[in-house]
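Take a look at the structure below.
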Amino acid sequence: MPQVGIKILDRDGKVLAAGRDESEIFLVYGFSYREGDRIVVEAEEYPGYYWLQLDDARGSSLVYLTGEMRYEIPFGEKRSNLSPKTFWGDRHLLFVRRAKAFEIGQYRNLALNVWDQHGAANCYPHAFANVETRNEAVFAAMNAIDGVTVTCSHGEWPYESWGINRREDAELTVDFGRAVEIDRIVLYTRADFPHDNWWRRVTVTFSDDTAVEWEMEKSSRPHSLCLEKKRVSWIKLSRLIKSEEPSPFPALTQIEVYGREPI
């Protein structure tokens, strides 16, 4: 049976800990992380669906791996969008497990990936944008798919969001890394009023060259858009038209995309 593995490396590439086994591996790391440390996830079969947990304080996600994954342990400002417990202390539980067929096939939020990161390669879904406010972690595109839906404020965790730095041409893309079948999109727009503005219209573009204009309203509650089933590999939010209210700061807390893997 194909194996899976996890390694923890230091800044010089020295192996600090490693584990490998068939289908599933748990790794307990009993030391504090240092700057430059990184986690490497390997599998003998790509592409494939895997449950991934790189730290017990952040939880797990069902991800689609197309090759070796490398995750840089964040420090300083780069960890401001994470729970302070994440990667903290001297005992950490990591695991990777090949997903079972019934887990892969269930109806779920296909956009969720708590382990997305800037420049992420080979691990999907992945969110990226043409702008992130001041390039700060608390306003990064990856925050929009991390599962945290607290809309009532902005800033450090749990109030992280995707911030557009007042750009009129801001765009955010969620790349699934393969074709998926979707029928619902849910947006949690940031609602730290009166600091925040809100979008009255959003254009959603799909990889099949179709698009839909979505009329929004001022709300702290989730916005839901139902679709005819579509098979797509990515979706993009663009043409974000804010309301006439005076605040220049609309933002996105979370995007959820519901559907299944194609049969």
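Which residues in region 32-65 have a backbone N closer than 12 Å to a point placed 7 Å from the Cα of Glu24 along the Cα-to-Cβ line?
Hits in region 32-65 for Glu24 at 12 Å: 51.
Could you give the C-alpha radius of gyration of region 30-154 expressed as a fraction of 2.2 N^0.38 Å, taking N as the number of residues it contains?
1.07
Does anything in region 219-249 have its amide N under 20 Å from the 7 Å Cα→Cβ label point of Cys152, and if so which residues?
Residues 219-223 qualify, since their backbone N sits under 20 Å from the label point.
With an 8 Å Cα cut-off and a minimum separation of 6 or more residues, compute the relative contact order for region 183-239 in percent. Please report the intermediate quantities before stating the final value.
On the way: 90 pairs, mean separation 25.8, N = 57.
Once normalised by length, the contact order is 45 percent.
Within a Cβ distance under 12 Å of Phe26, other residues only, what is the Lys/Arg minus Asp/Glu net charge?
Result for the local shell: -1.
Nearest 500 deg cm²/dmol is fine: what mean residue ellipticity at 222 nm does the chain get from its DSSP H runs of n ≥ 4 alone, each adding -39,500 (n - 2.57), divided by its residue count?
Value at 222 nm, helices only, nearest 500: 0 deg cm²/dmol.
From the phi of every residue in region 106-118, what ³J(HN,Hα) in whole Hz does the Karplus formula 6.51 cos²θ - 1.76 cosθ + 1.60 yield, where θ is phi - 60° and glycine or proline is x?
Values per residue, Gly and Pro as x: 6, 6, 7, 7, 6, 8, 6, 7, 6, 10, 5, 7, 3 Hz.
Using the Cβ atoms and a cut-off under 9 Å, what net charge is assigned to the surroundings of His126, where Lys and Arg are +1 and Asp and Glu are -1? List each step's numbers first, then the result.
Details: positive: none; negative: Asp116, Asp175.
With Lys, Arg at +1 and Asp, Glu at -1, the neighbours total -2.
First obtain the Kirkwood hydrodynamic radius of region 3-104 from its Cα pairs, then insert it into the Stokes-Einstein equation at 25 °C and 0.890 mPa s, and state the resulting D in µm² per second as a whole number.
Values: Rh = 14.0 Å.
For the chosen part, D equals 175 µm²/s.
Roughly what would the spin-label model give for Glu45 and Ala211, points 7 Å off Cα along C-beta, in nm?
Placing both labels 7 Å along Cα→Cβ, they lie 4.0 nm apart.
Once all Cα-Cα distances of region 123-260 are split into 5 Å bins that start at 0, what whole-number percent is in each one?
Spelled out bin by bin, region 123-260 gives 2, 11, 21, 25, 22, 12, 5, 1, 0 percent.
State the Cα centre-to-centre distance between region 73-119 and region 135-164 in whole Å.
Their Cα centres are 15 Å away from one another.
Pop out the ³J(HN,Hα) list for region 87-101 in order, Karplus 6.51 cos²θ - 1.76 cosθ + 1.60 with θ = phi - 60°, rounded to Hz; leave Gly and Pro as x.
Ordered by residue, 3J(HN,Hα) equals 6, 9, x, 10, 8, 9, 10, 10, 7, 9, 9, 5, 6, 7, 4 Hz.
What is the local net charge at Val148, summed over the other residues whose Cβ is closer than 12 Å to its Cβ (Lys, Arg +1; Asp, Glu -1)?
Result for the local shell: -2.
Could you estimate the translational diffusion coefficient of the chain from the Stokes-Einstein equation, with Rh from the Kirkwood formula over C-alpha pairs, at 25 °C and 0.890 mPa s, in whole µm²/s?
Values: Rh = 19.1 Å.
Translational D for this selection: 128 µm²/s.
Taking a cut-off of 30 Å between Cα atoms, list the lysines near Lys85, but don't count ones fewer than 8 places away on the same chain.
Filter leaves Lys7, Lys14, Lys100.
Would you mind calculating the gained length between Lys229 and Lys85 on full extension (0.36 nm times residue separation, minus the Cα-Cα distance), in nm to one decimal?
Contour length minus the Cα-Cα distance gives 47.9 nm.
Which of the peptides 73-80, 124-131 is most tightly packed, and how do the rest follow, going by the mean number of other Cβ atoms within 10 Å of each residue?
On the way: 73-80: 14.8, 124-131: 20.5.
Packing proxy ranking, top to bottom: 124-131, 73-80.
7 Å from Cα along Cα→Cβ at both Arg11 and Arg221: what's the point-to-point distance in nm?
In this crude spin-label approximation the distance works out to 5.0 nm.
Bear in mind these aren't lab numbers, they're just calculated from the coordinates by the rules spelled out. All figures in this text were calculated on a predicted structure; none of them were measured in a lab. Methodologically, a virtual Cβ is constructed for each residue, glycine included, from the backbone with ideal geometry; neighbour enumeration extends over all protein chains shown.
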